1. Show the residue pairs that are 6+ apart or on different chains and have beta-carbon atoms under 7 Å apart, the first residue being within the range 115-129 and under 13 Å from residue 155 (Cα atoms), the second being open to solvent by 70 Å² or more (accessible area, probe 1.4 Å) and assigned to a loop (DSSP other than H, G, I, E, B).
2. Those residues that are touching a helix residue (DSSP H, G or I) at 6+ places or on another chain (Cβ under 8 Å) and either basic (Lys, Arg) or near the ligand (Cβ under 10 Å from one of its atoms) (or both), I need them from the range 179-203; list them, please.
3. Cβ-Cβ under 6 Å, sequence separation 6+ or interchain: first residue in the range 21-33 and assigned to a helix (DSSP H, G or I), partner surrounded by fewer than 24 Cβ atoms within 10 Å (Cβ to Cβ) and at pLDDT below 95. Which pairs?
4. Could you say which residue among 168, 132, 122 is of a type in the set (Gly, Ala, Ser), touching a helix residue (DSSP H, G or I) at 6+ places or on another chain (Cβ under 7 Å) and more than 24 Å from residue 12 (Cβ to Cβ)?
5. For residue 5, are the conditions met, namely being open to solvent by 20 Å² or more (accessible area, probe 1.4 Å) and either free of Cβ contacts under 8 Å to residues at least 24 places away in the same chain or touching a Cys at 6+ places or on another chain (Cβ under 6 Å) (or both)?
6. Only one residue in 92, 112 is in the same structural domain as residue 51 (by TED's automatic domain parsing), farther than 27 Å from residue 46 by Cα and basic (Lys, Arg), so which one is that?
7. Where residues in the range 298-316 are under 22 Å from residue 28 (Cβ atoms) and out of contact with any strand residue (DSSP E or B) (no Cβ under 8 Å at 6 or more places or on another chain), which of them is most open to solvent (accessible area, probe 1.4 Å)?
8. Quick one: how many residues across the range 268-293 are in a loop (DSSP other than H, G, I, E, B), within 15 Å of the ligand (Cβ to nearest atom) and touching a helix residue (DSSP H, G or I) at 6+ places or on another chain (Cβ under 8 Å)?
Amino acid sequence: MSLAEFPDIAKNVAFANGNTHPELGKRVAALLGIELSPVKFARFADTETYVRHEESVRGKLLVAFQTHAPVDGNSTADSFYQHLQMIDAGARGGAAKVMAVAPCMAGSRQDRQVLPREAVSADLNLDLLRSAGATHFVTVDIHDTHTLTSFRKPGVYDHLTAQPALRAKLAELMIGDQDDYIMIAPDEGHSKILRAQAELLGVELKDMVKTRDKHREVVSHVGRVGDVEGKTCFIMDDMISTGGTVASAAEKLHESGAKRIYVAATHPWFSGSAAERLADAPIEQIIVTDTLPIRDEVQERLGNKLQIVSSAELIADGLKQILIGGSVSGLYEGQGGNYS
Ligand code: R5P
């Protein structure tokens with residue numbers, strides 16, 4: 001995934017690493033073989049944020065790398081705003097193009113109007129990134145890929161996926177008869193996305209019926225889940241936030257006689273007391289990527305139950321294809337696709 005064979009391209013890239021997950025940005029830049037271009041982040045006394053590229057980016061293709069994580073007193077919105085500032089500073093500094101890379105994108109959950117007068121944050125945020133000066137946007141496992149395909153403003157939108165990497169980890173757990181394993185979509189919406197992954201593992205796919213209470217906070221799974229007696233269940237989802245979805249699905253599967261339950265998800269938000277809930281849930285292992293930093297207390301609470309798969313390789317692979325004018329979808333051929 002290194003750009004070593006493409007020195008003319010590599011020397012024209014300035015890789016600006018954000019402040020929310022610097023380890024991930026560093027690993028991606030190292031895999032590509034690109035030096036980091038220094039960025040200064042500061043905060044005024046009134047909490048306003050300050051961003052400056054400390055070296056010239058004039059004429060460069062600026063990669064502005066920032067995952068929209070809540071860290072160090074930053075809310076998700078603060079992290080997103082600092083991303084906008086990185087892009088704006090690059091565009092004002094004469095960057096020829098600005099590629100905004102957000103391994104996990106803020107606002108992607110509110111991606112449509114369900115009720116009148118709701119905001120559509122995903123569309124708003126894409127619009128803001130473009131207005132700030134991003135000519136290209138790259139993310140990983142956005143909540144709904146429709147968000148990117150329906151966005152019609154000028155710019156290029158590329159979608160990377162961690163599903164093949166997560167599936168490979170699940171495949172390592174399989175011993176013996178494929179009929180002993182079932183893939184579980186914890187809500188109907190996710191079932192379509194998982195079909196290809198279940199087929200590639202050679203296992204049946206079942207979806208569960210998820211409901212939320214009237215405040216849209218407490219999740220429960222209702223109805224029959226079908227025959228899972230004695231089976232090993234793989235629950236796959238795009239994110240774990242409060243942990244309510246996967247914990248509730250696991251509890252229902254456990255009550256229904258499942259033998260072992262594993263969870264795999266791309267974005268490890270682990271909001272609030274998610275780790276507490278998941279530590280007590282009937283789950284053998286929770287496999288997540290590192291598109292977001294994982295707090296120490298979450299890692300301590302979950303211990304060996306938590307397995308982290310690096311997302312740096314898949315991001316570097318995707319960025320390399322984009323930078324050399326190659327094919328992103330080609331990376332996922334026979335892997336379930338990146339818009340599945
Ligand atoms: C829902 O549509 C998503 O795919 C996730 O299942 C959900 O957002 C996870 O959130 P939580 O962990 O809070 O249940």
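1. The qualifying pairs are 127/153.
2. Across the range 179-203, the qualifying residues are 185, 186, 187, 193.
3. Here the result reads 31/1, each pair linking the range 21-33 to a residue that is surrounded by fewer than 24 Cβ atoms within 10 Å (Cβ to Cβ) and at pLDDT below 95.
4. Details: 168 fails: touching a helix residue (DSSP H, G or I) at 6+ places or on another chain (Cβ under 7 Å); 132 fails: more than 24 Å from residue 12 (Cβ to Cβ).
Answer to the check: 122.
5. On the way: open to solvent by 20 Å² or more (accessible area, probe 1.4 Å): yes; either free of Cβ contacts under 8 Å to residues at least 24 places away in the same chain or touching a Cys at 6+ places or on another chain (Cβ under 6 Å) (or both): yes.
So residue 5 fits the description; yes.
6. Details: 92 fails: farther than 27 Å from residue 46 by Cα.
When all the criteria are applied, what remains is 112.
7. 313
8. The first filter runs over the range 268-293 and keeps only residues in a loop (DSSP other than H, G, I, E, B), leaving 269-273, 281-284, 290-293.
Narrowing further to those that are within 15 Å of the ligand (Cβ to nearest atom): 269-273, 281, 283, 291-292.
Narrowing further to those that are touching a helix residue (DSSP H, G or I) at 6+ places or on another chain (Cβ under 8 Å): 270, 281, 283, 291.
Of the residues in the range 268-293, 4 are in a loop (DSSP other than H, G, I, E, B), within 15 Å of the ligand (Cβ to nearest atom) and touching a helix residue (DSSP H, G or I) at 6+ places or on another chain (Cβ under 8 Å).
The values are calculated or read from the model by the stated rules, or taken from the named source; none is laboratory data. Quick caveat, the model's predicted, so the values are computed rather than measured. Glycine also receives a Cβ, built like all others from the backbone with ideal geometry; neighbour counts cover every protein chain displayed. Areas reflect the complete protein model, heavy atoms only, side chains present, ligands, DNA and RNA absent. Shrake-Rupley method; radii C 1.70, N 1.55, O 1.52, S 1.80 Å.
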